[in-house]
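Here the structure is laid out as structure tokens; the discussion comes afterwards.
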Amino acid sequence: MSQSILSAPAAADRIDRIRIRSVALPLAQAISDAKVLTGRQKPMTEIAILFVEIDTADGQHGLGFSYSKRAGGPGQFAHAKEIAATLLGEDPSDIARLWEKLAWAGASVGRSGMAVQAIGAFDVALWDLKAKRAGLSLAKLLGAQRDSVRCYNTSGGFLHTPLDQLMRNTDLSREKGIGGIKLKVGQPNCAIDIERVSTVRKHLGDDFPLMVDANQQWDRPTAQRMCRTFEQFNLVWIEEPLDCYDAEGHAALAAQFDTPIATGEMLTSVSEHWEFIRQRGADYLMPDGPRVGGITPFLKIATLAEHAGLMLAPHFAMELHVHLAATFGREPWVEHFEWLEPLFNERLETKEGRMLVPTRPGLGVTLSDRVEGWTVQSAEIG
Ligand SMILES: [Mg+2]
């Protein structure tokens, strides 16, 4: 073989500084889904964001984030602070190896839940850095299937929103070019759920994509009855009809009804998702990148789901998931939530029912000036 076609390997770069911070992002109004109406949770007033910034000897920079709702922000930050030094001196390109190194550093607290959610912020930062080094958007680095993804609105359809406001919210979403509407259901009084879905379906017309989300608040008999009642509304999916770990129950609903069943947002590992994929406990799987430990485990879940014939609709965090959904074989959906927008300088564009995948290198986001003021605690390592 001729020497001329072999180029010398690029010298490895090295991680030499890490900044982590916990940010309390206030929400414009208190948010209630079915978990609040059944008395299990309080209305949500803020979201805790864990930001990780990684700098290298070559002058590369990566930005990643994870998050938690209601509780968990201080815990994620504390775990991230404890394990961050594990990455110093490492080649940031070896993301799979570094994910495992971080997991082993905290192995005794497990490979799911809060421990991997802290790892998720590092993992996203490493992928952001790698894509920026290549001069590619994250979607292009991973291998994009499309340059826009169908998107639907969730933030307008919560249960604290009265029906007349709900209708105005659906109109505003459509005017913004958002391609579907999701309504929260799962209230103690099922008749109110049916009334709201029926009214919005009439308002939108028979064909406009409409989804519902019960946030795990039905038992099996109620889910059975409600899935049957909702068959008439031509829904894109019924989300979390049952407890988020009830794979067998979700599988029975998915097998029985024409309306697709969606679930997966509360799962926090590849193993937990594998159980749903193996049991066919979802038609639409809804992994959440930060919740499962970042992009590295998310891609494993997406590959397993794609191979099993499932569809994909990642949960929340559209700024990350628009890139990941763009790589999935079958046409996915992303969830449009404007809640994280104040954290970033850039805005995602929606047009004709779809969210455009940003073409800027990496995730294509930079932190806004407001983040400093919302920072609760921070640490620099290296
Ligand atoms: Mg949901």
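The values are calculated or read from the model by the stated rules, or taken from the named source; none is laboratory data. Keep in mind that what you see is a predicted model, and the values were worked out from it rather than measured. Glycine also receives a Cβ, built like all others from the backbone with ideal geometry; neighbour counts cover every protein chain displayed.
How many residues are among the small types (Gly, Ala, Ser) and surrounded by fewer than 17 Cβ atoms within 10 Å (Cβ to Cβ) when one looks only at the stretch 232-255?
1
When only residues in the stretch 301-339 that are within 16 Å of the ligand (Cβ to nearest atom) and assigned to a loop (DSSP other than H, G, I, E, B) count, which is modelled with the lowest pLDDT?
PHE337
Consider ALA48 carefully, then state whether it is more than 17 Å from the chain's Cα centre (by Cα) and modelled with pLDDT of 95 or more.
No.
So which of ASP288, ASP258 ends up being among the acidic types (Asp, Glu), at pLDDT 95 or above, within 15 Å of the ligand (Cβ to nearest atom) and assigned by TED's automatic domain parsing to the domain that holds MET226?
ASP288
Across the stretch 79-102, what is the total count of residues that are at negative phi and in contact (Cβ under 8 Å) with a residue 40 or more places away in the chain?
So the answer is 13.
Using the structure shown, decide if GLY186 is within 14 Å of the ligand (Cβ to nearest atom), over 20 Å from the mean Cα position of the chain (by Cα), surrounded by 15 or more Cβ atoms within 10 Å (Cβ to Cβ) and of a type in the set (Gly, Ala, Ser).
It is true that GLY186 is within 14 Å of the ligand (Cβ to nearest atom), over 20 Å from the mean Cα position of the chain (by Cα), surrounded by 15 or more Cβ atoms within 10 Å (Cβ to Cβ) and of a type in the set (Gly, Ala, Ser).
Just give me the residues in the stretch 228-250 being away from the ligand (no atom under 16 Å from the Cβ) and part of a helix (DSSP H, G or I), in sequence order.
Residues satisfying the conditions are ARG228, THR229, GLU231, GLN232, PHE233, ALA247, GLU248, GLY249.
How many residues does the stretch 269-294 contain that are surrounded by fewer than 24 Cβ atoms within 10 Å (Cβ to Cβ) and either among the basic types (Lys, Arg) or over 30 Å from ARG228 (Cβ atoms) (or both)?
Residues that pass the stated criteria total 5.
If I go through the stretch 283-300 residue by residue, how many of them are part of a loop (DSSP other than H, G, I, E, B) and within 11 Å of HIS321 (Cα to Cα)?
Total meeting the criteria: 4.
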